[in-house]
1. Whether any residue in region 191-208 is part of a helix (DSSP H, G or I), aliphatic (A, V, I, L, M) and under 24 Å from Val290 (Cβ atoms) is what I want to check.
2. It is to be established whether one or more residues within region 126-133 are assigned by TED's automatic domain parsing to the domain that holds Trp350 and either crowded, with 23+ Cβ neighbours inside 10 Å or polar (S, T, N, Q) (or both).
3. Scan region 117-136 and tell me whether some residue there is more than 19 Å from Gln160 (Cβ to Cβ), in contact (Cβ under 8 Å) with a residue 12 or more places away in the chain, in a strand (DSSP E or B) and within 20 Å of the chain's Cα centre (by Cα).
4. Which residue out of Phe54, Phe65, Phe34 is under 18 Å from Val351 (Cβ atoms), out of contact with any Lys or Arg (no Cβ under 6 Å at 6 or more places or on another chain) and among the hydrophobic types (A, V, I, L, M, F, W, C)?
5. Taking the criterion of being under 24 Å from Leu311 (Cα atoms), in the same structural domain as Gly298 (by TED's automatic domain parsing) and touching a residue at least 60 places away in the same chain (Cβ under 8 Å), would at least one residue in region 227-244 satisfy it?
6. So, in region 1-35, exactly how many residues are crowded, with 18+ Cβ neighbours inside 10 Å and at positive phi?
7. Got a number for residues in region 137-181 being outside any helix (DSSP H, G or I), without any contact (Cβ under 8 Å) to a residue 24 or more places away in the chain and touching a strand residue (DSSP E or B) at 6+ places or on another chain (Cβ under 9 Å)?
8. Modelled with pLDDT of 95 or more and touching a helix residue (DSSP H, G or I) at 6+ places or on another chain (Cβ under 8 Å), is that true of Val194?
Amino acid sequence: MKIGVLCYPTYGGSGVVATELGKAMAQRGHEVHFINYQLPVRLQGNGYSPGIYFHEVVVPDYPLFAHSPWTLALAGRLVHVAQEYGLDVIHAHYAVPHALAAVLARDIVGKIGVVTTLHGTDITLVGKEPDLLEVTRHGIQRSDVATAVSHFLAQETRNQLGVEKDIQTVYNFVDLEQYQRCPNKLSLGQDEAVLIHISNFRPVKRLEDVIRVFAGVRRQRRAVLLLVGDGPQRCAAQTLARELGVQEDVKFMGQEQSIVPLLSAADLLLLPSAKESFGLVALEAMACGVPVVGSAAGGLPEVVGEAGGILCPVGDVEAMTKAALSILADLAPWRRGSRRQAQLFSHTRWVDEYEQIYRQVSL
């Protein structure tokens, strides 16, 4: 099959999943075409990959356009790629604006299957905007198949957007061969617990709660906190760490593409988000034998289960601190349990599911 992929090319979970899925499909012998304004992060620096192609979208610059017509430019480039390469299916990751661009391209070219995967804030935040709700719903309704990364998100889409179309739950996945614990080469954790948080530091991630939970743990035992990523809450987190007297033990690592070495040095992932439609970082952590302490929010309970960690009410710093100390006091069974939980989300199983959907819509 020839597959067109629309996704955000940044560090976010939707772009990561879209890229890893495209790579897996190429390894299975399919032809995969990424259409975007830049090469996705997970493809950068990899050199030539057989079966994978990238097509840059150039937005027209015209004085009458107060804002660049990105969606139209994306749809137009997609039309050209579909016609030139004979695409069988377009997979739109993140409804806004990719589903609409995919549907528009299909309406122009014809005989192309459209699969839209909903990832989270495209529904719970962006898609709920009054001026975007109707067009977001239209893009989902007009897709041949719509999927969501958790049962929670599928139900949220029906509730918030009034979508009547059947939405299949197809979970995110992890390559268990790539994501597994490796020798700790970071010289961390010799005499101290290593806690880690990985995100884009947006308010929804509740980074200050991460600092507060860590400070509670630090009062009871030696520990260090690795903060991986960057974003708008960084300064507030630094200020709070100073106020709580733990700034020397909080390490801001910046954005990292290769997180397996960092996860392999960690004992516990903190993820106290206000909402997570899936929580890909939790899955990647569990695959590396790192249990999770976080919020019982959104799709996280589906991912973490009972074996992968302990989830608490959003904002309950005291409960999360107690949970973290409990896990750290007897880490070995939690390491085994988290890896076992991650095996439910093996990339083989869920890539198979997507491949079956592609065949269904391309007939």
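The values are calculated or read from the model by the stated rules, or taken from the named source; none is laboratory data. The structure displayed is predicted, hence computed values, not measured ones. Positions of Cβ are generated from backbone atoms using ideal geometry, with glycine treated the same way; all protein chains shown enter the neighbour counts.
1. Here is the first cut: in region 191-208, the residues part of a helix (DSSP H, G or I) are 203-205, 207-208.
Then drop every residue that is not aliphatic (A, V, I, L, M), which leaves 204, 207.
Still in the list and also under 24 Å from Val290 (Cβ atoms): 204, 207.
Within region 191-208, one or more residues are part of a helix (DSSP H, G or I), aliphatic (A, V, I, L, M) and under 24 Å from Val290 (Cβ atoms).
2. Initial filter on region 126-133 (assigned by TED's automatic domain parsing to the domain that holds Trp350): 126-133.
Checking the rest, the ones that are also either crowded, with 23+ Cβ neighbours inside 10 Å or polar (S, T, N, Q) (or both) come to 127.
Taking every residue of region 126-133 in turn, at least one turns out to be assigned by TED's automatic domain parsing to the domain that holds Trp350 and either crowded, with 23+ Cβ neighbours inside 10 Å or polar (S, T, N, Q) (or both).
3. So the first thing to find is which residues in region 117-136 are more than 19 Å from Gln160 (Cβ to Cβ), and the list is none.
Checking region 117-136: not a single residue is more than 19 Å from Gln160 (Cβ to Cβ), in contact (Cβ under 8 Å) with a residue 12 or more places away in the chain, in a strand (DSSP E or B) and within 20 Å of the chain's Cα centre (by Cα).
4. On the way: Phe54 fails: under 18 Å from Val351 (Cβ atoms); Phe65 fails: under 18 Å from Val351 (Cβ atoms).
It is Phe34.
5. Taking every residue of region 227-244 in turn, at least one turns out to be under 24 Å from Leu311 (Cα atoms), in the same structural domain as Gly298 (by TED's automatic domain parsing) and touching a residue at least 60 places away in the same chain (Cβ under 8 Å).
6. Total satisfying the criteria: 0.
7. Here is the first cut: in region 137-181, the residues outside any helix (DSSP H, G or I) are 142-150, 162-181.
Those left that are additionally without any contact (Cβ under 8 Å) to a residue 24 or more places away in the chain: 164, 166, 169, 177.
In the following step, the residues that additionally are touching a strand residue (DSSP E or B) at 6+ places or on another chain (Cβ under 9 Å) were identified as 166, 169.
Residues meeting the conditions: 2.
8. Working: modelled with pLDDT of 95 or more: yes; touching a helix residue (DSSP H, G or I) at 6+ places or on another chain (Cβ under 8 Å): yes.
When the stated conditions are applied, Val194 passes them.
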